[in-house]
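Right, one structure below, let's go through it.
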Amino acid sequence: MRRIPGIYPDHVVVLHVVNTLDQDVSINIMGNHTKSTTNAAELDGSPVNVSSSSTKLITLNPLWTDWMPYLFLKLTCSTAPTTGYVTVTAVYNREYKTTVVNAIKIRDTSTHTPDTDPDKIQIFEW
């Protein structure tokens with residue numbers, strides 16, 4: 001079992017992904033030591049594919065994967081969707097959760113990040 005000073009098993013975050021798009025979406029989980037997308041790196045286990053019209057849970061545990069204090073998501077569809085949206089909520093515990101992707105309506109095959117869609121995709125703390 002990995003041991004990171006100051007990081008304990010209760011530092012788990014679950015990403016609750018709701019994909020109502022009519023296409024699958026690929027989610028890359030990116031981490032950084034600063035609240036920036038510059039020089040961010042992909043976490044172990046990424047990318048994650050979420051099927052069209054489905055909900056998926058992605059559990060991030062610093063004992064199983066890379067850890068960085070700041071995370072953001074990169075969303076890409078290989079085929080341009082025509083309907084729907086993606087919402088992702090980071091759930092830390094029963095009382096604390098935050099929306100990190102806010103009902104983004106993807107209609108292309110471009111990669112969507114906090115840089116391209118700052119009103120829809122947030123950089124968040126782990």
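Label-to-label distance, Thr111 versus Thr55, with points set 7 angstrom from Cα along the beta-carbon direction: 3.0 nm.
Every Cα-Cα pair in the chain was counted, and those over 20 Å apart are 40% of them.
Determine the shape class of the range 29-92: with a ≥ b ≥ c the square roots of the Cα gyration tensor eigenvalues, call it rounded for a/c under 1.5, and otherwise prolate if a/b is greater than b/c, oblate otherwise. Since a/c reaches 1.5 and a/b is larger than b/c, the shape of the range 29-92 is classed as prolate.
With contacts taken as Cα pairs under 8 Å and at least 6 residues apart, the chain reaches a relative contact order of 31 percent.
Arranged from fewest to most other beta-carbon atoms within 10 Å of their beta carbon, Thr55, Thr82 become Thr82, Thr55. Basic side chains Lys and Arg get +1 at the Cβ, acidic Asp and Glu get -1 at the Cβ, and with that the dipole of the range 6-98 about its Cα centre reaches some 200 debye.
Along the charge dipole of the chain, Cβ charges K/R +1 and D/E -1, which of Val18, Ser52, Leu73 sits furthest on the positive end? Going by the charge dipole, the pick is Val18. For Lys105, the lysines whose Cα falls under 24 Å of its own Cα, not counting residues fewer than eight places away in the same chain, are Lys56, Lys74, Lys97, Lys120.
None of the figures in this text is laboratory data; all of them are computed from the coordinates on show. The shown structure was predicted, so the numbers you read here are calculated from the model rather than taken from an experiment. Methodologically, a virtual Cβ is constructed for each residue, glycine included, from the backbone with ideal geometry; neighbour enumeration extends over all protein chains shown.
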